[in-house]
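S.K.: Got a structure for you, questions after.
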Amino acid sequence: MTSARRRSYGVKGAPYAFLLPATVLFALFFALPIGYAVWLSLHKVKVSGLGLGAGARKEVWAGLENYTDSLTDSELLAGALRVLGYGCIVVPVMLGLALLFALMLDSEKVRLAPFTRLAIFLPYAIPGVVAALLWGFLYLPSVSPFYYVLDALGLPQPDLLDGGPLYGALSNIAIWGGTGFNMIVIYTSLRAIPAEVHEAAKLDGATPLQTALRIKIPMVAPSLVLTFFFSIIATLQVFNEPTTLKPLTNSVSTTWSPLMKVYRDAFGTGDIYRAAAEAVIIALATLVLSFGFLRAANRRNRQDARQGGAR
């Protein structure tokens with residue numbers, strides 16, 4: 001084989017060599033666990049007699065039995081409804097604040113912009129468990145400084161870890177921690193808008209509010225779609241906040257969210273087969289909702305593009 005042919009083979013094989021490490025990691029830590037979870041979800045343990053002795057517990061084929069039991073499980077469905085209510089609070093408020101902060105930071109009149117960006121983004125850098133613990137103790141009447149102030153002023157002291165206020169307490173943790181990240185994404189898109197666009201808006205006599213509503217927000221719509229997409233995924237997978245607050249209140253059960261139900265079944269009751277089926281269902285629900293939203297957003301963008309072309 002000539003040296004030229006060797007170099008030709010080397011050039012052709014270079015891309016695959018670069019892809020190999022990522023492919024191996026993807027297969028070992030993503031594809032393989034997913035495949036194993038699907039395999040577990042299609043099996044169950046059959047117990048013979050009292051379940052004692054060798055061969056008393058056997059792994060057998062279960063088909064879709066675990067999926068049927070999971071989809072008819074009232075605890076899993078109740079957890080899904082709780083997460084739905086939680087998401088209805090978190091997603092619009094968090095993205096609304098992120099957009100508001102990004103627009104304010106993009107204003108020409110803003111002062112101390114670098115410090116403000118850092119202050120808003122900093123909560124995102126705090127681990128979720130630490131943030132939940134921090135807010136959990138601020139919610140706890142016996143140790144929270146806010147309750148001492150309310151007591152000194154003779155004002156009512158609501159229990160934020162019980163009943164309806166619990167949704168607001170949990171949502172506040174997620175909003176506090178996630179607004180900064182979404183703000184940075186939107187702010188980066190705002191800074192990418194050409195200066196000529198802003199100058200044209202000023203020449204046309206547009207006010208800052210009109211510029212924000214009619215120019216900036218439509219131009220950062222792809223970033224809003226992206227942040228909404230990430231927020232949906234994070235909401236459906238909520239686990240840290242309710243799990244961390246659970247020791248502080250009796251209002252958070254071990255099945256408050258679907259992922260908490262998966263954790264309890266897998267490590268509490270030891271039914272990893274049922275837990276695997278529940279995990280697959282949650283993953284499919286996340287996939288369907290996320291890509292359904294993306295398709296709807298893309299369809300809307302295409303319609304707007306056609307209307308703009310027709311004009």
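S.K.: Looking at (1) of a type in the set (D, E, K, R); (2) open to solvent by less than 40 Å² (accessible area, probe 1.4 Å); (3) free of Cβ contacts under 8 Å to residues at least 40 places away in the same chain, which one does K216 not meet, given that it meets all the others?
M.R.: Tallying (1) of a type in the set (D, E, K, R); (2) open to solvent by less than 40 Å² (accessible area, probe 1.4 Å); (3) free of Cβ contacts under 8 Å to residues at least 40 places away in the same chain, K216 fails exactly one: (3).
S.K.: Out of (1) modelled with pLDDT of 85 or more; (2) more than 26 Å from the chain's Cα centre (by Cα), what's the single condition that is false for K58?
M.R.: (1)
S.K.: With the structure loaded, tell me whether S257 is buried (at least 19 other Cβ atoms within 10 Å of the Cβ) and out of contact with any strand residue (DSSP E or B) (no Cβ under 8 Å at 6 or more places or on another chain) or whether it fails that test.
M.R.: Values: buried (at least 19 other Cβ atoms within 10 Å of the Cβ): yes; out of contact with any strand residue (DSSP E or B) (no Cβ under 8 Å at 6 or more places or on another chain): yes.
Yes; evaluated as a whole, the condition is true for this residue.
Yes/no matrix, rows are residues, columns are (1) at pLDDT 85 or above; (2) at negative phi; (3) aromatic (F, W, Y):
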residue	(1), (2), (3)
R111	no, yes, no
T116	yes, yes, no
Y124	yes, yes, yes
V129	yes, yes, no
A132	yes, yes, no
G136	yes, yes, no
L140	yes, yes, no
P156	no, yes, no
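S.K.: Of (1) at pLDDT 85 or above; (2) open to solvent by 60 Å² or more (accessible area, probe 1.4 Å); (3) within 30 Å of I232 (Cβ to Cβ), E199 satisfies all except one. Which?
M.R.: Just one mismatch for E199, condition (3).
S.K.: Within the stretch 183-207, can you find the residues that are of a type outside the set (V, I, T) and within 35 Å of the chain's Cα centre (by Cα)?
M.R.: Looking only at the stretch 183-207, we keep the residues that are of a type outside the set (V, I, T), and these are 183, 187, 189-192, 194-196, 198-206.
Scanning the stretch 183-207 gives M183, Y187, S189, L190, R191, A192, P194, A195, H198.
S.K.: Right, A113: under 22 Å from the mean Cα position of the chain (by Cα) and of a type in the set (G, A, S) or not?
M.R.: On the way: under 22 Å from the mean Cα position of the chain (by Cα): no; of a type in the set (G, A, S): yes.
Answer is no for this residue.
S.K.: For the stretch 91-110, which positions are over 22 Å from the mean Cα position of the chain (by Cα) and either farther than 25 Å from I193 by Cα or open to solvent by less than 60 Å² (accessible area, probe 1.4 Å) (or both)?
M.R.: Our first condition is that a residue be over 22 Å from the mean Cα position of the chain (by Cα); within the stretch 91-110, this holds for 103-110.
If the condition is that a residue be over 22 Å from the mean Cα position of the chain (by Cα) and either farther than 25 Å from I193 by Cα or open to solvent by less than 60 Å² (accessible area, probe 1.4 Å) (or both), then L103, L105, D106, S107, V110 are the ones that fit.
S.K.: In the stretch 263-297, which residue that is open to solvent by less than 80 Å² (accessible area, probe 1.4 Å) and closer than 30 Å to P218 by Cα is modelled with the highest pLDDT? Spell out how you get there, then give the answer.
M.R.: Going through the stretch 263-297, the residues open to solvent by less than 80 Å² (accessible area, probe 1.4 Å) turn out to be 264-266, 268, 270-283, 285-286, 290, 292-294, 296-297.
Narrowing further to those that are closer than 30 Å to P218 by Cα: 285-286, 290, 292-294, 296-297.
Numbers: A285: 90, T286: 87, S290: 81, G292: 82, F293: 79, L294: 77, A296: 79, A297: 75.
Looking at the filtered set, the residue picked out is A285.
S.K.: Which of the residues that make up the stretch 147-161 are closer than 30 Å to L81 by Cβ and either open to solvent by 80 Å² or more (accessible area, probe 1.4 Å) or more than 28 Å from the chain's Cα centre (by Cα) (or both)? Walk me through how you get there before you give the answer.
M.R.: Of the stretch 147-161, the ones closer than 30 Å to L81 by Cβ are 156-161.
Across the stretch 147-161, the qualifying residues are P156, Q157, P158.
The values are calculated or read from the model by the stated rules, or taken from the named source; none is laboratory data. This is a predicted model, so every value here is computed, not measured. Cβ coordinates were reconstructed from backbone atoms using ideal geometry, including for glycine residues, and neighbour counts include every protein chain displayed. Please note that ligands, DNA and RNA were not included when accessible areas were found on the heavy atoms of the full protein model with its side chains. Shrake-Rupley method; radii C 1.70, N 1.55, O 1.52, S 1.80 Å.
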